[in-house]
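Asks: Before I ask anything, here is the structure I am working with.
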Amino acid sequence: MFKKGGFPVVAKQSPRWTYDAELQELIPDVPELVLFGFDEIKSALPLSYHQHDGYEFVLVERGKASWELDGQVYETKAGDVFHTCPGELHRGGFNVIEPSRFWWFIVTPPHTEDWLRLPLGESENIASALQMLPRVRHIGLQAIQGFGQLGDAINSSSPMRSTAVRQAVMGLLLAIVQANERMFSLADDLASQFDQLLRRIEDEPEWRPDVEELAGIVRVSPSHFFRTFQSYTGLPPMSYIERMRIKKACSLLAESSATITEIANSLGYASSQHFATVFKRIIGMTPVQWRMSSRG
């Protein structure tokens with residue numbers, strides 16, 4: 001199920017596209033680009049521990065994804081970039097990659113002279129900036145244009161293909177390391193309230209609020225809340241809450257010995273049958289099948 005890069009490949013539900021330097025024709029004079037691609041996950045899937053020899057950057061375009069590294073879980077939403085350094089072992093939060101659309105690329109560490117044809121001093125500056133880079137950084141959705149340009153350059157037959165690829169890679173790196181920290185799609189105070197609400201949804205998977213209650217918590221009208229929530233997370237409020245509840249179920253099934261009925265009750269489902277129906281609709285397999293596959 002997994003290829004280089006660690007992301008699940010399920011042809012029936014995923015429009016995944018990648019450039020892989022180990023499996024495809026190398027881009028002349030750009031050995032620094034190891035992997036590039038995008039994917040759209042329709043249903044939550046296992047994403048187990050993996051690592052890379054280079055720096056990996058993942059930009060979430062739509063939805064929400066969490067990542068686990070050194071025992072800490074990092075949450076990302078639309079416009080956020082999560083990165084790992086060479087050799088760092090990481091996985092999806094609770095061993096799951098959530099429904100989302102995202103782009104990623106991996107580059108070799110900038111520790112050699114002539115890296116991306118830069119003078120040594122400039123590549124050293126990039127290396128220093130990467131060492132100080134926050135694990136998650138918000139760069140906005142404008143960067144998607146840069147990912148598109150890189151994809152176009154990779155697929156180009158132009159004699160200047162390598163130059164275009166190098167330029168696109170450098171543009172993405174600069175967008176990430178020099179991101180304007182004040183780039184938010186919401187006002188800072190409202191974004192903070194939404195973040196607190198999202199944390200509560202994850203911490204209390206049995207909680208079953210309606211839109212009116214959620215809107216009251218962040219002190220906006222229900223209609224404004226619905227539009228803003230979907231823009232912020234990529235999903236309508238009730239769909240998001242249900243998926244976070246199923247994400248918790250995935251974790252409990254994989255990491256606990258609780259029965260299906262006990263898990264269903266702890267998550268507030270009226271019956272194990274209802275839980276199993278919702279679980280299969282979102283995950284694509286029954287809770288028993290998930291438990292077996294995740295432990296296998």
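The values are calculated or read from the model by the stated rules, or taken from the named source; none is laboratory data. Predicted model, so just to flag it, every value in this text is computed and none were measured. Please note: Cβ atoms are built from the backbone with ideal geometry, for glycine as well, and neighbour counts cover all protein chains shown. Each accessible area value is taken on the protein alone, full model and side chains, heavy atoms only, with ligands, DNA and RNA left out. Shrake-Rupley method; radii C 1.70, N 1.55, O 1.52, S 1.80 Å.
Asks: Only one of these is open to solvent by less than 20 Å² (accessible area, probe 1.4 Å) and among the polar types (S, T, N, Q): Thr84, Thr112. Name it.
Replies: Thr84
Asks: Being open to solvent by 40 Å² or more (accessible area, probe 1.4 Å) and either touching a residue at least 24 places away in the same chain (Cβ under 8 Å) or acidic (Asp, Glu) (or both) is the filter here, so list the residues in region 241-259 that pass it.
Replies: Arg243, Lys248, Glu255
Asks: Name the pairs: first residue in region 207-220 and over 21 Å from Asp189 (Cβ atoms), second residue loosely packed, with under 14 Cβ neighbours inside 10 Å, Cβ to Cβ under 7 Å, at least 6 apart or on different chains?
Replies: Close Cβ pairs (under 7 Å, with a partner that is loosely packed, with under 14 Cβ neighbours inside 10 Å) amount to Arg208/Gly268.
Asks: Still on this structure, please answer the following. Take region 190-219 and flag every residue that is over 22 Å from the mean Cα position of the chain (by Cα), open to solvent by 40 Å² or more (accessible area, probe 1.4 Å) and more than 26 Å from Ile263 (Cβ to Cβ).
Replies: Passing the criteria: Glu212, Gly216, Ile217, Arg219.
Asks: Any idea which residue in region 211-263 is modelled with the lowest pLDDT, counting only those that are under 18 Å from Gln273 (Cα atoms) and acidic (Asp, Glu)?
Replies: Across region 211-263, the extreme among qualifying residues is Glu242.
Asks: While we're looking at this one, here's another question. Can Phe38 be described as modelled with pLDDT of 90 or more and under 15 Å from the mean Cα position of the chain (by Cα)?
Replies: Yes; evaluated as a whole, the condition is true for this residue.
Asks: So how many residues does region 185-206 have that are hydroxyl-bearing (Ser, Thr, Tyr) and either in contact (Cβ under 8 Å) with a residue 12 or more places away in the chain or touching a His at 6+ places or on another chain (Cβ under 6 Å) (or both)?
Replies: Number of matching residues: 1.
Asks: Here's a follow-up. Could you give every pair whose Cβ atoms fall below 7 Å, whose first residue belongs to region 282-296 and is over 16 Å from Ile41 (Cβ atoms), and whose second residue is assigned to a helix (DSSP H, G or I) and open to solvent by 60 Å² or more (accessible area, probe 1.4 Å), counting only separations of at least 6 or pairs across chains?
Replies: Between residues of region 282-296 that are over 16 Å from Ile41 (Cβ atoms) and residues that are assigned to a helix (DSSP H, G or I) and open to solvent by 60 Å² or more (accessible area, probe 1.4 Å), the close pairs are Thr286/Lys280.
Asks: In this structure, is Met132 open to solvent by 40 Å² or more (accessible area, probe 1.4 Å) and more than 28 Å from Tyr49 (Cα to Cα)?
Replies: No.
Asks: Against the definition (under 22 Å from the mean Cα position of the chain (by Cα), assigned to a helix (DSSP H, G or I) and surrounded by fewer than 15 Cβ atoms within 10 Å (Cβ to Cβ)), how does Arg281 come out, yes or no?
Replies: Against the criterion (under 22 Å from the mean Cα position of the chain (by Cα), assigned to a helix (DSSP H, G or I) and surrounded by fewer than 15 Cβ atoms within 10 Å (Cβ to Cβ)), Arg281 qualifies.
Asks: Moving on. Which ones in region 228-240 are closer than 16 Å to Ile283 by Cβ, surrounded by fewer than 21 Cβ atoms within 10 Å (Cβ to Cβ) and in contact (Cβ under 8 Å) with a residue 12 or more places away in the chain?
Replies: Leu235
Asks: Another question about this same structure. For region 51-76, which residues satisfy the criterion of being of a type outside the set (Asp, Glu), open to solvent by 30 Å² or more (accessible area, probe 1.4 Å) and assigned to a strand (DSSP E or B)?
Replies: Arg62, Gln72, Val73, Tyr74 - these are the residues of region 51-76 that are of a type outside the set (Asp, Glu), open to solvent by 30 Å² or more (accessible area, probe 1.4 Å) and assigned to a strand (DSSP E or B).
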